[in-house]
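The values are calculated or read from the model by the stated rules, or taken from the named source; none is laboratory data. What you see is a predicted model, and the numbers here were worked out from it, not measured in a lab. Here the Cβ is made from the backbone with ideal geometry for all residues, glycine too, and neighbour counts use every protein chain on show. The accessibility values were calculated without ligands, DNA or RNA, using every heavy atom of the protein model including side chains. Shrake-Rupley method; radii C 1.70, N 1.55, O 1.52, S 1.80 Å.
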Amino acid sequence: MRDLLGGKGANLAEMANLGLPVPPGFTITTEVCTYFYKNGKSYPPELEADVNAALEATGAIAGHVFGDPVNPLLVSVRSGARASMPGMMDTVLNLGLNDVTVEALAQSSGNARFAYDSYRRFIQMYSNVVLNIDHHEFETILDSFKDRKDATLDTDLDAADWKEVIADYKAKVAEMLAEPFPQDPKAQLWGAIGAVFGSWMNPRAETYRRLNGIPASWGTAVNVQAMVFGNMGETSATGVAFTRDPSTGENLLYGEFLINAQGEDVVAGIRTPQNITEAARIAARSEKPSMEAALPEAFAEFRRTTALLEKHYRDMQDIEFTVENGKLWMLQTRSGKRTSKASLRIAVEMANEGLITREEAIARIDPAALDQLLHPTIDPKAERKIVATGLPASPGAASGEIVFSSEDAETAKAAGKAVILVRIETSPDDIHGMNVAEGILTTRGGMTSHAAVVARGMGKPCVSGAGTIRIDYKTEKMTAAGVEFSKGDIITIDGAAGQVLQGEIAMQKPELSGEFQALMGWADAIRRMAVRANAETPQDARIARQFGAEGIGLCRTEHMFFEGDRIIAVREMILADDEAGRRKALAKLLPMQRSDFAELFEIMSGLPVTIRLLDPPLHEFLPQSDEEIAEVAASMGVSADALKRRAAELHEFNPMLGFRGCRLAIAFPEIAEMQARAIFEGAIAAGKQTGRVVTPEIMVPLVIAKAEFDLVRATIDQMAQTVAKETGETIPYHVGTMIELPRACLRAAEIAETAEFFSFGTNDLTQTGLGISRDDAASFLGRYTAKGILPADPFVTIDQDGVGELVEIAAERGRKTRPDIKLGICGEHGGDPHSIAFCEKIGLSYVSCSPFRVPIARLAAAQAALAKKGD
Ligand code: PEP
Ligand code: MG
């Protein structure tokens, strides 16, 4: 009942149903949250009575009464949405304590120090999350109190001390709010409930939802639960654990706990947590006893429980627990956040263990997260100037300029810089900075600190708790190992080793693990669509094959001319005054093209290769600087002035809608002629080399009409005959077209009469379908997505309602004419999982994307096939 109870509430109920030791409590549903926002932040009329009844029932099970001065029930109040949401109010503990009930707690526990410590924690927490008073107000009070008392640790303070601190705390609240800290437990409870619902719409939560695609309509639930205490003494403890290692995925119980502590102590990272198992303690060379050694009975029950939970949920669990006077209590379980590496290993191992099916393993991996596995690590041969070490909180490595605030991270990123966000610790306020940073470094906090958990989820490298680094936010400097670094200086972090390194360091491409190969193999067995790559250089083609591409779906021939002298020859061709001048330039390009194509065909060794005729948007290719003009002029033997004039003549206002695509081949057939010759001759050469017949697929770009396509096709067919005659070889080939303009979609039926295949160019189709320039969209598109006018950037995820319908129309009309027409997609959307799902739905034969996205596409195609099967 996750939708209704939220993740936390549903899992608590589920654990209770399994007979596990869960403190009694109840959940106010997400429907109340929805009601709250629909009705001017008010509650349904029956809520108060329901809460009272539930409180009574909870108290009856726990053996306490809420608000009772002698035997008070104390509760925790926690938010809990359908999906875990770090941006929201999280927890208030010890609610129900006041000047009277604290005495009762002191009596019943026989531990006054504990009772008053609990009360001051409650005041601090409640004031922070409900009354919006900053933590540091209280920390300052506590620090100066300790100074006065010559105490260093909280544990040095006794009940009388805490009473004094509490008086100061309450005075602070009264001073800041002009009213006293609430003493009435019911008022406290409703304050906390209101704060949870209110936090659903706070800016942090909104940012988090936007980044994670969580709809505002879901709402959050509120969990009210009887308190159990991990801070009652040496046989009490609290901790967090994962049933498998969330960094590597290794199948071992992994976690941290603190004796005589409450939950926030573990998260805050002020005290160094202890290991849960002996094995982990030994591996970490820790002197502090493990839970296994310190609390053997609770540990044994805990281990049984974690195994049971993993089996029950069939997934790695992230668990919070408390031990109160030796008795284990389960406070939370949920599917644990994990690195991509861990997620892959866990899914594959669970499938191999028979806990889940291969299909489930496939469905569980976020294809976009595979990206993280393909990210660089530090070259092992590179020299490392280590200036600090911290915890290896999230793997991967990154270099960048130091920034000390999330705002600076965003500014620097907008200026095109790579940054490492360096903070003493991070909070949900830093999400936007973490989101743009290449990596995160903190000087405080453990493996379960905010920075560590969030960075892992984002797949960014993170080193946390690098305690030897001193940060001064005011002067924007940090010192590490005696070296002073200023904002803007470059550092590298190695999130797998927990190292902070000076300067930029050579990186290495990752090796793909056995689990990766296994999962890819399973995905390949399930998917229907083929996956090809957009590649034009031999290197890209090789990478594409390594990543499992089954051919090239788009070879942009204009991209083969970016380098060195080649661009000069292309410019000569573009700027030539007449056919003779063009042919001269084309003669220079022919041998380059022929050998390029031959190499591509060889690398792809019999796999399909789609080569697109030249499609150069002029602004990308015209010479700009005087130097560039002089270079081309010299090569053409004309004056720089003459060339400048010619370039000015060719200037276009809308080059993306200008003289590009097949318009070039229509005006200057000799260009298509040269390219066709290079393709055919290259194919023959590669066929001889590899012994495999090459059947090139030649693609005409930016077509709007059949007549246009036919003219270009005639040039190609003619050249095929010429080359066949010259060489005595027969050359199999196909000629098809890009479908990337709305008119082509509508005229697809007749275009398919002569075009043998369609490849959807959804970049241009998005540009022209929405009338949004590919090059100028950035200045306003963000507002469109922020305001929800468009659900996502249409250049990233296909606009299904508009562009998608155009694609569907073209596919349907094309198939009507030519039932076996091959349909593919080669716009950027070919590597986007949501768009791939759409391609599966409408039955395309293949998707084509950049080489690094090929694994993502293979997995996404498998998931799409599974989803379709399930429909
Ligand atoms: C497209 O328009 O989708 C496409 C693949 O071509 P290009 O990006 O080269 O215009
Ligand atoms: Mg295009």
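At-a-glance table
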{"item": "Answer from Asn231, Asn251, Asn260 - the residue that is touching a residue at least 60 places away in the same chain (Cβ under 8 Å), on the phi > 0 side of the Ramachandran plot, outside the structural domain of Thr34 (by TED's automatic domain parsing) and not acidic (Asp, Glu)", "result": "Asn260"}
{"item": "Segments classed as helices (runs of 4 or more DSSP H), wholly inside region 699-790, with at least 1 members that are more than 16 Å from ligand 2 (Cβ to nearest atom), in contact (Cβ under 8 Å) with a residue 12 or more places away in the chain and under 18 Å from Phe659 (Cα atoms)", "result": "706-727"}
{"item": "Top-ranked residue of region 492-511 - restricted to ones that are in a strand (DSSP E or B) and open to solvent by less than 10 Å² (accessible area, probe 1.4 Å), ranked as nearest to Ser394 (Cα to Cα)", "result": "Ile493"}
{"item": "Restricting region 756-789 to residues that are hydrophobic (A, V, I, L, M, F, W, C) and more than 16 Å from ligand 1 (Cβ to nearest atom), the residue that is farthest from Phe709 (Cα to Cα)", "result": "Ala786"}
{"item": "Residue within region 334-346 that is open to solvent by 60 Å² or more (accessible area, probe 1.4 Å) and out of contact with any Ser or Thr (no Cβ under 8 Å at 6 or more places or on another chain) present", "result": "yes"}
{"item": "Near pairs, Cβ below 8 angstrom, 6+ apart or cross-chain, from region 295-319 (of a type in the set (Gly, Ala, Ser)) to any residue that is outside any helix (DSSP H, G or I)", "result": "Ala298/Ala237; Ala298/Val323; Ala298/Gly326; Ala298/Lys327; Ala298/Leu328; Ala307/Thr243"}
{"item": "Yes/no for Gly400 being part of a strand (DSSP E or B), surrounded by 16 or more Cβ atoms within 10 Å (Cβ to Cβ) and touching a residue at least 24 places away in the same chain (Cβ under 8 Å)", "result": "yes"}
{"item": "Cβ-Cβ under 7 Å pairs, at least 6 apart or on other chains, region 636-663 side closer than 12 Å to Leu575 by Cβ, far side within 16 Å of ligand 2 (Cβ to nearest atom) and open to solvent by less than 90 Å² (accessible area, probe 1.4 Å)", "result": "Leu650/Leu618"}
{"item": "Top-ranked residue of region 347-376 - restricted to ones that are open to solvent by 70 Å² or more (accessible area, probe 1.4 Å) and part of a helix (DSSP H, G or I), ranked as nearest to Ser835 (Cα to Cα)", "result": "Arg364"}
{"item": "Selection within region 831-871 - within 17 Å of Asp793 (Cβ to Cβ), modelled with pLDDT of 95 or more and within 16 Å of ligand 2 (Cβ to nearest atom)", "result": "Ser835"}
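Residue-by-condition table, conditions (1) more than 19 Å from Leu664 (Cα to Cα); (2) charged (D, E, K, R); (3) at pLDDT 90 or above:
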residue	(1), (2), (3)
Ala530	yes, no, yes
Gly548	yes, no, yes
Gly553	yes, no, yes
Glu558	no, yes, no
Phe561	no, no, no
Asp577	no, yes, no
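A quick yes/no check of all residues on (1) within 16 Å of ligand 1 (Cβ to nearest atom); (2) among the β-branched types (Val, Ile, Thr):
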position: Ala672; (1), (2): no, no
position: Gly682; (1), (2): no, no
position: Ala685; (1), (2): no, no
position: Val693; (1), (2): no, yes
position: Ala705; (1), (2): no, no
position: Glu729; (1), (2): no, no
position: Pro742; (1), (2): yes, no
position: Ala749; (1), (2): no, no
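So that you can scan it fast, the table gives a plain yes or no per residue for (1) assigned to a strand (DSSP E or B); (2) among the charged types (D, E, K, R); (3) in contact with a Gly (Cβ under 6 Å, 6 or more places away or on another chain); (4) under 30 Å from Thr610 (Cβ atoms):
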position	(1), (2), (3), (4)
Thr468	no, no, no, no
Phe485	yes, no, no, no
Asp524	no, yes, no, yes
Arg528	no, yes, no, yes
Arg545	no, yes, no, yes
